[in-house]
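Chemist: Shown below is the structure under consideration.
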Amino acid sequence: MSPLRRTVLWALATAAVIAFVVAMGRMAIGPAAEEAARPAPGAVGLPDVLFFLLAAVAVGGAAAVAISRNILRSAVGLLAALLGVGGLYVFLSADFVAITQVLVYIGGVLVLVLFAVMLTSRITEVAVSNTSVGAFGGILLFVAVAPVLAAVAVLGPWSAREPAPLAPTTRVIGDALLTRWLLPFEVASLLLLATLVGAVVMARKEIKVE
Amino acid sequence: MEHEAVHGLEALAPIVATPAAWLRWVPLLPLLGAMWNAALGKRLQARLGKRAVHVVAVGVMTAAFAVAVVAFSTMLGLEPEARFLEDSVWTAAVADPLRIDLGFALDPLGMAMVLVVTGIGTLIHVFSIGYMHEEPAYWRYFAYLNLFAAAMLTLVMADNLALIFFGWEGVGLASYLLIGFWWRDRDKAAAGMKAFVVNRIGDFGFLAGLLILFWLLAGAWGTGTAPGSAGPTLNWRELRDQIALPGTGVAEHLQAVRLLGLPALGLVGMLLFVGAMGKSAQLPLHVWLPDAMAGPTPVSALIHAATMVTAGVYLVARLDFVYALSPTAMGWVALVGGLTACFAATIGFVQTDIKKVLAYSTVSQLGFMFVGVGVGAFWAGAYHLVTHAFFKAALFLGSGSVIMACHHEQDMRRMGGLGKVMPVTRWTYLVATWAIAGFPVASGFYSKDEILWKAFTARHLELMGVPVPWLGPAIWAACLVAATGTSFYMFRSYYMTFTGSYRGAVGGHGEHDAHGSGHGSAEDHGHGHQGPRESPLSMTAVLVALAAGAVLASFLGLPAVWTGHEPALERWLAPSLTAGHSVPFTEFPHALEIAFQGLGVLAATVGWLGARALYAEGRSHAPEALKARFAGAWSFVNQAWRVDALYDRVVVRPSVALARGLSRFDGVVIDGAVNAAGAIGRFLGRLDAAIDAHVVDGLVDGVATVTRRAGGQLRRLQTGRIQTYLYGALGGALLVVLLDFLVP
Amino acid sequence: MISLVHFLVVGGLLFTLGLVTVATRRNAVGVLMGVELILNGANVNFVAFGRYGPAATTGQVFALFVILLAAAEAAVGLAIVLAIFQTARTIDVRQADLLRE
């Protein structure tokens, strides 16, 4: 593509996004903002600070994944994000999920990812993953999507009720898995088997016919 | 002022007409012969020889002559006033109440003409067998000759003026075809054209006169006609009867009307005579006749001596009742005739081509005939017509015989002494010369003297409405001089040709030098290397017959002063030439008439003796001395008073320049306009093509191109990269979100 | 006070950033990392709704299953990446466009 054309197209895309956002802002936020009664902010206690800290870790890690040019830095950022999310689970009285997150996600998936990274790229290479499209397009995308979701989150008429006190969930989840959610559980195990076999098949080298 | 010249016409009553359905064969037979030879002649001649051609041609002419004889005998059996045969074949045009018929009628005048045309015509056809013996286009010659005969007979036998005009044009056509018979020679072809063009000028006058006459007549009937009158007509018999009947008021009306300050009837007579001037080669439209000698000699004999040129005389005689009502027209006719007679005679003095001598002699004699009909002696003019036919034909055919014997030599200076080797030709030529000179025994004397006497006694002539009583005698004097000249140059030609010693080249090709009218290459073959010999029997027999006719025709016109009663021909023609009675000739004592006859003979003798002194036996050197002495005058007269040069300067060159100018106008302006229109069309066509190619095709191609380009661009969507598709999906999802808000 | 909204926003941000990663990364492994982020964002939403909504257990069970499947998917995905790497000697997703046009 010629530079001129590229510039034109980017300009058009930017304009479209901005228009979209503005329009959405006018249409969505305007009317709803007047209706919604703002709840009183209340006092800021220690849990809130913790929350914001964990949220910052998670979002910061995610940002690192998105922005970083170095794939290893992205991996570390992913680690941070997963950890942060785990912490947030604790906040949400989902202790079993939190632990599972740490064990499976960080212990399994992230390690796997790191293995893949090591196996498929030269460590010395830095600029593997960034192009001209990358930065600007990513910004645009962020600008287009994030407000939408944020608006939905903030303006949604969630029927929020007073949450239950924090309680351990392991037993409850276990019960649920074997009673109500038995079938998905069994299917998931089948799926895992399939995945195992498939991954092995796919990753091995071609057998040369002699 | 017009005199009351209608006495005697009232005596006529409408007359019984005898139907004769076989009359149409007289002109029809030669026409069929012409068509036969035109269609089949070439092939028959190639297969069966020349005999196949002339048997048909001479056969139809003989048959026509036979029918004419039958008509003649039928007429003889009728009462003189009842001698009117008619045959109405077909109605050609009807414009109520006018009818124009294809119809033939024979009254005594027509009968005389028909006998002359068919009789002398047949003889000349026979002569042509020998004369045109070596011509390859033998069949074409006879076809044209028959065509001429058919046209001439149509003219003479027509019962209405429209058909006369048709025949008039027909003889003009045949004359053109025959004069330019050897058309490959440019000069001969030009001579044919000249004849046709000059004739055409005359025809214009004829038509003008005819139309004015018709207009006058329609006017006459329009104003209170008598009951029982037939209405406007072109039939000359009905015309004559209408004019003759008292009470129709036609005659008075015709004399009373004036056009352009002139009496209308006089104008009609003069205009019709203009036609006759063209056809009969009178001054100033005579110029075609000498050039017409380019045609074969029998043609000159038949057409330009005996028949076609006499059509003008016939016309005036036929319309005698019109001329009799108008002394102005008569004066005009007589004056022109007299001037022509003198003028042509002077030129005949100095010509060296034998055919040219005879041509100018013909012009001169025609002048005499017009003098005759002009002064009111209609029967005398007709009589001279008949006698002239015989002796002029004999002279022409005799000259043809001489020309053929001298290997197509026409210059008299290279002839001489032929009397010894061609006795028959010599004697017949001499008899004919005797006739034309006007000695008694041969008929020319009788006819010419009758005319001269009548001219002298005509004191009633007018010019442009002014009475000129001395015009008659003046014309007589001029004609007497012309008669002397006639005798002189005719005997000159006789002596130069037949006496003395032969001056021509024998056996060499000297005769091929250019002279006179030149020869067509078709006529030049290698004759033998002998000297001149007598011509074959087919030719000499005709010469004898014609010479005999020239003598015997005397009996038709023995003058009244000798016999005490009307000459036979005058009596015969009386029922036709009724107006002759009403012309007021002054009476003179008979003794004076006989004295004038003697004067005529004296004039002829003077001419003869002069010619004999200068030219007989080729002894005298006086001619050369005189020519040297009067060289300027000689060359002026030799070139026919430079009339041709005058016409060329005054008429021909401006016409050609006008034609060129018009042609240029046509080529530049008119063709330019047409080409411009064409260019506009072409331009519009190109514009359309461009529109079609660029706009229409562009549109069509554009659709295709847009489609292709759109496709070319749209395929970029399919990049094969997941991330692109991701963007697309996200974009769509966001769009849905937007729409959710937009759509109420 | 931390309410549902805060968790939803965090989830939304994680989701968005994961999306951006998937959209912009050239490295195939990086894309997979983005996918993990997306899944995590969704998980946060699930658990938050479980907590502040009627069925806490359901939310968490669902999150468990998501983790499970994420792991399986990561394994397979990385196996694919390795396979591609062995064939094409590169894991640039931009190069994998054999299906273009």
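Chemist: Can you figure out the FRET efficiency of C:R89 with B:L687, using R₀ = 56 Å and their beta-carbon distance, to the nearest 0.05?
Modeler: Computed FRET efficiency for C:R89 and B:L687 comes out at 0.30.
Chemist: Roughly how many nanometres apart are two label points built 7 Å out from the Cα toward the Cβ at B:A677 and C:A96?
Modeler: My value for the distance between the label points is 8.1 nm.
Chemist: Based on DSSP H runs of at least 4 residues, each adding -39500 (n - 2.57), what is the mean residue ellipticity at 222 nm of chain B after dividing by all its residues, to the nearest 500 deg cm²/dmol?
Modeler: -21500 deg cm²/dmol
Chemist: Right, next: Where in the stretch B:57-158 are there chymotrypsin sites (Phe, Trp or Tyr not before Pro) that are in a DSSP coil and have at most 11 other Cβ atoms within 10 angstrom of their Cβ?
Modeler: none
Chemist: Now for a different question. Which helices count as membrane-span-like in chain B under these terms: full DSSP H, at least 20 Å along the axis by C-alpha, Kyte-Doolittle mean of 1.6 or more?
Modeler: B:51-76, B:108-131, B:161-179, B:264-279, B:537-552, B:722-742
Chemist: Let me know the mean shielding of A:103-111 by other chains, meaning the per-residue number of their Cβ atoms within 10 Å of its Cβ.
Modeler: 4
Chemist: Highest first, please rank the peptides A:70-81, A:50-61, B:294-305 by the mean number of other Cβ atoms sitting within 10 Å of their residues.
Modeler: Listed from highest to lowest mean packing, they are B:294-305, A:70-81, A:50-61.
Chemist: Which is the longest run of chain B containing none of the GluC sites (Glu not before Pro) found in DSSP loop states (not H, G, I, E, B) with at most 16 other C-beta atoms within 10 Å?
Modeler: B:135-533
Chemist: Okay, next question. Out of every Cα-Cα pair in chain B, what percent are more than 33 Å apart?
Modeler: 55 percent
Chemist: Want the number for B:A190 to B:T91: 0.36 nm per residue separation, take away the alpha-carbon distance, what's left?
Modeler: Extending this stretch completely gives an extra 31.8 nm.
Chemist: Compute the FRET efficiency between B:A591 and B:V481 as 1/(1 + (r/R0)^6), taking r as their Cβ-Cβ distance and R0 = 35 Å, and round to the nearest 0.05.
Modeler: 0.90
Chemist: Using per-residue counts of other Cβ atoms within 10 Å, averaged over each peptide, order B:386-395, A:105-114, C:37-46 from highest down.
Modeler: Most protected by this proxy first, the peptides run B:386-395, C:37-46, A:105-114.
Chemist: Let me ask something else. Are any of the pairs B:K50/B:K392; B:K420/B:K454; B:K454/B:K627; B:K188/B:K279; B:K188/B:K448; B:K50/B:K188 more than 30 Å apart by Cα-Cα distance, and if so, which?
Modeler: Correct reply: B:K420/B:K454; B:K454/B:K627; B:K188/B:K448.
Chemist: Another question, if that's okay. For A:M27 paired with B:M464, estimate the spin-label separation in nm (one decimal), with each label point 7 Å from Cα along the Cα-to-Cβ line.
Modeler: Calculated label separation equals 11.5 nm.
Chemist: What would the Debye formula give as log10 I(q)/I(0) at q = 0.23, 0.27 Å⁻¹ for the alpha-carbon point model of the stretch A:45-126, no solvent?
Modeler: Results for the stretch A:45-126 at q = 0.23, 0.27 Å⁻¹ read -1.03, -1.21.
Chemist: Moving to a separate point now. Can you show me the helix-derived [θ] at 222 nm for chain C, built from DSSP H runs with n ≥ 4 at -39,500 (n - 2.57) apiece and divided by the number of residues, rounded to the nearest 500.
Modeler: -28000 deg cm²/dmol
Chemist: Another one. Using only the alpha carbons, work out the radius of gyration and Dmax of the protein assembly as shown in angstrom.
Modeler: For the protein assembly as shown, the Cα-based Rg and Dmax read 66.5, 189 Å.
Chemist: Work out, step by step, the length gained on full extension between B:N638 and B:V421: first 0.36 nm times the residue separation, then minus their alpha carbon distance; give nm to one decimal.
Modeler: 75.1 nm
Chemist: While we're on this one: Roughly how crowded by other chains is peptide A:146-156, in terms of the mean Cβ count from those chains within 10 Å of each of its Cβ atoms?
Modeler: 5
Chemist: Please give the FRET efficiency for B:W22 paired with B:L115, using the beta carbon to beta carbon distance and R0 = 25 Å, rounded to the nearest 0.05.
Modeler: 0.95
Chemist: Give me the Kirkwood hydrodynamic radius of chain C in Å, from all C-alpha pairs, to one decimal place?
Modeler: Computed over chain C, the radius equals 15.0 Å.
Chemist: So how much slack lies between A:L50 and A:I18, counting 0.36 nm per residue of separation and subtracting their Cα-Cα distance, in nm?
Modeler: Once the chain is fully extended between A:L50 and A:I18, it gains 8.1 nm.
Chemist: Taking the Cα centre of chain B as the origin and placing charges on Cβ (Lys, Arg +1; Asp, Glu -1), which of B:G192, B:A548, B:I475 is farthest toward the positive end of the dipole?
Modeler: The Cα lying farthest towards the positive end belongs to B:G192.
Chemist: If each of B:V696 and B:L662 carries a label point 7 Å out from its Cα toward its Cβ, how far apart are those two points in nm?
Modeler: It works out to 4.5 nm between the two label points.
Where a number appears in this text, it was derived from the coordinates with a stated rule and is not lab data. From a predicted model like this one, the values you see are computed outputs, not experimental measurements. In this analysis, Cβ positions are derived from the backbone assuming ideal geometry, glycine residues included, and neighbour counts consider all displayed protein chains.
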